[in-house]
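First comes the structure, then the notes that go with it.
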Amino acid sequence: MDGTFSLEGAFSEELLALTIEGALTIGGGIPKVNVSRLAWSLEGANSFPAQVRISGKIYGEVDERSFSFDLILDD
C-alpha cells in the first residue's frame, strides 16, 4: 500500500466501520490498483461465535464496486 490518504473509523458494539479516502495504491502480488475511496463496515461481531457481514464500496478513478460477504467468526 502506498499513497496519501486519510482514515476515519466508527466503532461501537454493533458496528465497526472504516473509510479510507485519498490517493491509495494497492500493489504487490497483484496488479496495482488505484483507489480514491474505500468504505466498509462489519456488523454482527457482538459475541463469539458469530456470523458477521462485511460490506462496502470501492471507488476507483472511473468506476465503483460494491461488495458484501458473510463470515463465521469462532474466536
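Every read-out reported here was derived from the displayed coordinates using simple, explicitly stated rules and does not represent laboratory data. Every value quoted in this text rests on a predicted model; they were computed, and no experiment measured them. Glycine also receives a Cβ, built like all others from the backbone with ideal geometry; neighbour counts cover every protein chain displayed.
Points to keep in mind about this one:
- Largest first, the three principal axis extents of the alpha carbons in the chain are 37, 24, 20 Å in whole numbers.
- Other residues within the sphere of radius under 15 Å centred on the Cβ of K32, judged by their own Cβ, net out at -2 (K and R +1, D and E -1).
- Across the chain, C-alpha contacts under 8 Å between residues 6 or more apart give a mean separation that, scaled by the residue count, equals a relative contact order of 23 percent.
- Counted charge near E8, where neighbours are those whose Cβ lies closer than 15 Å (Asp, Glu -1; Lys, Arg +1): +1
- Ordering of 65-72, 11-18, 53-60 by burial proxy (mean other Cβ atoms within 10 Å per residue, highest first): 53-60, 11-18, 65-72
- Counted residue by residue at 0.36 nm each, then reduced by the alpha carbon distance between them, the extension gain from L42 to D2 reaches 12.0 nm.
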